[in-house]
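The values are calculated or read from the model by the stated rules, or taken from the named source; none is laboratory data. Computed from a predicted structure; not experimentally measured. Note: ideal-geometry Cβ built from the backbone for every residue, glycine included; neighbour counts use all protein chains shown. Just the protein is used for accessible areas: all its heavy atoms, side chains included, with ligands, DNA and RNA removed. Shrake-Rupley method; radii C 1.70, N 1.55, O 1.52, S 1.80 Å.
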Amino acid sequence: MKVILDKQRRLVIRKVRVRGKISGTSTIPRLAVSKSNTSIYAQLIVDIKGVTLIGVHSKSITSSNNITMSESEKLGQKLAKIALQKNIHRAVFDRRGRKYTGKIAAFAEGARKSGLRF
């Protein structure tokens with residue numbers, strides 16, 4: 001039990017450290033990507049106003065309980081297409097304390113391929 005609490009505490013510390021350095025504005029919103037064991041959630045957020053502009057989740061792409069790397073990339077492409085339709089071309093990437101590898105990196109690459117710049 002202590003190991004799980006230590007992991008959670010370290011994740012919170014990383015999350016706070018990353019959020020202290022970045023902030024979303026109306027011209028360049030923050031792209032926050034959260035990952036659980038079964039899903040990925042992403043939002044474009046304007047921190048100054050406290051408003052979420054766009055939100056997508058992996059359940060809209062697949063009905064299975066686990067998301068694959070290719071599905072993660074498709075989710076990034078979906079978010080980027082919606083953002084470009086709303087005339088948002090740049091964003092600040094917030095990985096929410098997670099490492100930039102695996103599904104988080106695949107999501108970011110999918111968004112970049114569709115034209116969103118970080």
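Data for the structure
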{"quantity": "R30 surrounded by fewer than 16 Cβ atoms within 10 Å (Cβ to Cβ), of a type in the set (D, E, K, R) and at pLDDT 90 or above", "calculated": "no"}
{"quantity": "Sole residue being at pLDDT below 90, under 15 Å from the mean Cα position of the chain (by Cα), charged (D, E, K, R) and more than 19 Å from V12 (Cα to Cα), chosen from K103, K59, K99", "calculated": "K59"}
{"quantity": "Filter result for T101 (polar (S, T, N, Q) and part of a strand (DSSP E or B))", "calculated": "no"}
{"quantity": "Of all residues making up region 33-54, the number that are under 21 Å from G102 (Cα atoms) and either open to solvent by 70 Å² or more (accessible area, probe 1.4 Å) or not β-branched (V, I, T) (or both)", "calculated": "9"}
{"quantity": "Residues of region 63-94 satisfying the condition of being within 17 Å of S34 (Cβ to Cβ) and in contact (Cβ under 8 Å) with a residue 60 or more places away in the chain", "calculated": "A91, V92, F93, D94"}
{"quantity": "Region 78-118 - residue that is of a type in the set (S, T, N, Q) and within 27 Å of G20 (Cα to Cα) and, of those, most open to solvent (accessible area, probe 1.4 Å)", "calculated": "N87"}
